[in-house]
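The values are calculated or read from the model by the stated rules, or taken from the named source; none is laboratory data. Keep in mind it's a predicted model, so treat the numbers as computed, not measured. Positions of Cβ are generated from backbone atoms using ideal geometry, with glycine treated the same way; all protein chains shown enter the neighbour counts.
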Amino acid sequence: MQPGPARSGRRKSGAMTYPAQSPPFWRWLWSLILRWLINTLAIFAAVWLVPGVDFVGPGWQLGLVALLFGLVNVALRPILTLLTCPLVIVTLGLFTLVINALLLALTAQIAGGLGVRFTVDGFWPAVGGSLVISIVSLVLNVLAGETPVRVVVWRERR
(Lines give C-alpha, C1' and ligand atoms only; values in the text may rest on other atoms or scores of the structure.)
Protein backbone atom coordinates (compact mmCIF):
# COMPACT_ATOMS: atom_id res chain seq x y z
CA MET A 1 0.00 0.00 0.00
CA GLN A 2 1.46 3.34 -1.02
CA PRO A 3 1.28 6.30 1.33
CA GLY A 4 -1.27 8.84 0.21
CA PRO A 5 -1.56 12.50 1.15
CA ALA A 6 -1.52 13.19 4.86
CA ARG A 7 -5.02 13.30 6.23
CA SER A 8 -6.11 14.17 9.69
CA GLY A 9 -9.14 12.45 10.98
CA ARG A 10 -10.37 9.06 12.02
CA ARG A 11 -12.19 6.41 10.17
CA LYS A 12 -15.73 6.03 11.33
CA SER A 13 -17.77 3.36 9.64
CA GLY A 14 -15.63 3.51 6.52
CA ALA A 15 -15.82 7.28 6.03
CA MET A 16 -12.99 9.76 6.54
CA THR A 17 -13.76 12.76 8.74
CA TYR A 18 -11.88 16.00 8.34
CA PRO A 19 -11.50 18.87 10.78
CA ALA A 20 -13.72 21.85 10.08
CA GLN A 21 -11.94 24.61 8.24
CA SER A 22 -12.04 28.08 9.69
CA PRO A 23 -13.90 30.61 7.57
CA PRO A 24 -11.87 33.11 5.60
CA PHE A 25 -10.92 36.31 7.37
CA TRP A 26 -13.20 38.52 5.28
CA ARG A 27 -16.23 36.33 6.08
CA TRP A 28 -15.42 36.48 9.79
CA LEU A 29 -14.99 40.26 9.61
CA TRP A 30 -18.28 40.70 7.70
CA SER A 31 -20.08 38.59 10.29
CA LEU A 32 -18.62 40.69 13.10
CA ILE A 33 -19.63 43.97 11.43
CA LEU A 34 -23.13 42.60 10.70
CA ARG A 35 -23.60 41.58 14.35
CA TRP A 36 -22.44 45.03 15.47
CA LEU A 37 -24.93 46.73 13.12
CA ILE A 38 -27.74 44.45 14.30
CA ASN A 39 -26.83 45.23 17.91
CA THR A 40 -26.87 48.95 17.12
CA LEU A 41 -30.34 48.71 15.54
CA ALA A 42 -31.60 46.65 18.48
CA ILE A 43 -30.37 49.24 20.99
CA PHE A 44 -31.95 51.98 18.88
CA ALA A 45 -35.25 50.08 19.01
CA ALA A 46 -34.96 49.82 22.80
CA VAL A 47 -34.28 53.55 23.09
CA TRP A 48 -37.27 54.28 20.86
CA LEU A 49 -39.73 51.83 22.45
CA VAL A 50 -38.87 51.62 26.16
CA PRO A 51 -39.43 54.61 28.43
CA GLY A 52 -36.48 54.91 30.76
CA VAL A 53 -33.88 53.80 28.21
CA ASP A 54 -32.58 57.08 26.81
CA PHE A 55 -29.86 58.18 24.42
CA VAL A 56 -28.84 61.69 23.44
CA GLY A 57 -26.07 62.25 20.95
CA PRO A 58 -24.91 61.59 17.40
CA GLY A 59 -25.50 58.21 15.79
CA TRP A 60 -21.88 57.11 15.93
CA GLN A 61 -22.10 57.24 19.73
CA LEU A 62 -24.98 54.75 19.59
CA GLY A 63 -22.62 52.52 17.60
CA LEU A 64 -20.11 52.94 20.42
CA VAL A 65 -22.79 51.90 22.93
CA ALA A 66 -23.47 48.79 20.82
CA LEU A 67 -19.76 48.00 20.78
CA LEU A 68 -19.58 48.39 24.56
CA PHE A 69 -22.68 46.24 25.00
CA GLY A 70 -21.11 43.52 22.87
CA LEU A 71 -17.85 43.63 24.83
CA VAL A 72 -19.67 43.56 28.18
CA ASN A 73 -21.72 40.58 26.97
CA VAL A 74 -18.67 38.69 25.76
CA ALA A 75 -16.72 39.35 28.96
CA LEU A 76 -19.36 38.93 31.66
CA ARG A 77 -22.34 36.92 30.38
CA PRO A 78 -20.63 33.49 30.57
CA ILE A 79 -19.39 34.18 34.10
CA LEU A 80 -22.76 35.46 35.32
CA THR A 81 -24.62 32.60 33.64
CA LEU A 82 -22.30 30.06 35.26
CA LEU A 83 -22.57 31.65 38.70
CA THR A 84 -26.37 31.86 38.53
CA CYS A 85 -26.94 28.53 36.81
CA PRO A 86 -29.18 27.15 39.59
CA LEU A 87 -31.41 30.25 39.40
CA VAL A 88 -31.57 30.01 35.61
CA ILE A 89 -32.61 26.36 35.86
CA VAL A 90 -35.18 26.89 38.62
CA THR A 91 -36.80 29.83 36.79
CA LEU A 92 -36.73 27.91 33.47
CA GLY A 93 -34.45 30.50 31.91
CA LEU A 94 -36.33 33.62 32.98
CA PHE A 95 -33.44 34.71 35.17
CA THR A 96 -31.46 35.36 31.98
CA LEU A 97 -33.68 38.45 31.58
CA VAL A 98 -32.27 39.71 34.87
CA ILE A 99 -28.73 38.99 33.68
CA ASN A 100 -29.44 40.85 30.41
CA ALA A 101 -30.88 43.78 32.36
CA LEU A 102 -27.80 43.96 34.60
CA LEU A 103 -25.50 43.89 31.56
CA LEU A 104 -27.51 46.68 29.90
CA ALA A 105 -27.35 48.79 33.07
CA LEU A 106 -23.60 48.17 33.32
CA THR A 107 -23.20 49.22 29.70
CA ALA A 108 -25.03 52.47 30.49
CA GLN A 109 -22.69 53.10 33.43
CA ILE A 110 -19.58 52.50 31.33
CA ALA A 111 -20.94 54.65 28.49
CA GLY A 112 -21.65 57.45 30.97
CA GLY A 113 -18.04 57.23 32.14
CA LEU A 114 -16.90 57.69 28.54
CA GLY A 115 -19.08 60.78 28.07
CA VAL A 116 -21.81 59.07 26.04
CA ARG A 117 -25.30 59.98 27.23
CA PHE A 118 -26.91 56.56 27.24
CA THR A 119 -28.95 56.01 30.39
CA VAL A 120 -31.11 53.28 31.88
CA ASP A 121 -33.34 54.72 34.62
CA GLY A 122 -33.89 51.60 36.71
CA PHE A 123 -34.41 47.87 36.87
CA TRP A 124 -37.70 47.61 34.97
CA PRO A 125 -36.58 49.82 32.07
CA ALA A 126 -33.43 47.65 31.94
CA VAL A 127 -35.56 44.50 31.77
CA GLY A 128 -37.79 46.02 29.07
CA GLY A 129 -34.78 47.27 27.13
CA SER A 130 -33.02 43.92 27.29
CA LEU A 131 -36.19 42.16 26.17
CA VAL A 132 -36.58 44.50 23.17
CA ILE A 133 -32.87 44.12 22.32
CA SER A 134 -33.14 40.32 22.48
CA ILE A 135 -36.25 40.13 20.28
CA VAL A 136 -35.01 42.65 17.68
CA SER A 137 -31.58 40.96 17.56
CA LEU A 138 -33.18 37.55 17.08
CA VAL A 139 -35.43 38.75 14.25
CA LEU A 140 -32.65 40.65 12.47
CA ASN A 141 -30.19 37.75 12.84
CA VAL A 142 -32.74 35.39 11.30
CA LEU A 143 -33.45 37.82 8.45
CA ALA A 144 -29.74 38.37 7.84
CA GLY A 145 -29.11 34.63 7.73
CA GLU A 146 -26.79 34.65 10.74
CA THR A 147 -29.04 32.28 12.71
CA PRO A 148 -30.02 29.09 10.92
CA VAL A 149 -33.73 28.40 11.07
CA ARG A 150 -35.33 25.11 10.23
CA VAL A 151 -39.08 24.87 9.84
CA VAL A 152 -40.61 21.41 10.02
CA VAL A 153 -44.26 20.83 9.21
CA TRP A 154 -45.81 17.59 10.41
CA ARG A 155 -49.00 16.39 8.81
CA GLU A 156 -51.05 13.46 9.90
CA ARG A 157 -51.84 10.94 7.23
CA ARG A 158 -55.46 10.11 6.72
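At-a-glance table
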| quantity | calculated |
| --- | --- |
| Count - residues of the range 51-86 that are more than 17 Å from Leu106 (Cα to Cα) and either in contact with a strand residue (DSSP E or B) (Cβ under 6 Å, 6 or more places away or on another chain) or surrounded by 14 or more Cβ atoms within 10 Å (Cβ to Cβ) (or both) | 3 |
| Inter-residue pairs, beta-carbon under 7 Å, first small (Gly, Ala, Ser) and in the range 83-107, second surrounded by fewer than 18 Cβ atoms within 10 Å (Cβ to Cβ), 6+ apart | Ala101/Phe123 |
| From Pro78, Pro86, residue being within 15 Å of the chain's Cα centre (by Cα), part of a helix (DSSP H, G or I) and at pLDDT below 95 | Pro78 |
| Count of residues meeting criterion [surrounded by fewer than 19 Cβ atoms within 10 Å (Cβ to Cβ), touching a residue at least 24 places away in the same chain (Cβ under 8 Å) and in a helix (DSSP H, G or I)] in the range 136-153 | 2 |
| Leu103 out of contact with any strand residue (DSSP E or B) (no Cβ under 7 Å at 6 or more places or on another chain), part of a helix (DSSP H, G or I) and either at pLDDT 95 or above or surrounded by fewer than 17 Cβ atoms within 10 Å (Cβ to Cβ) (or both) | yes |
| Neighbours by Cβ (under 7 Å, 6+ apart or cross-chain): first from the range 28-54, part of a helix (DSSP H, G or I); second surrounded by fewer than 15 Cβ atoms within 10 Å (Cβ to Cβ) and β-branched (Val, Ile, Thr) | none |
| Tally, over the range 89-100, of residues that are more than 19 Å from the chain's Cα centre (by Cα) and surrounded by 13 or more Cβ atoms within 10 Å (Cβ to Cβ) | 1 |
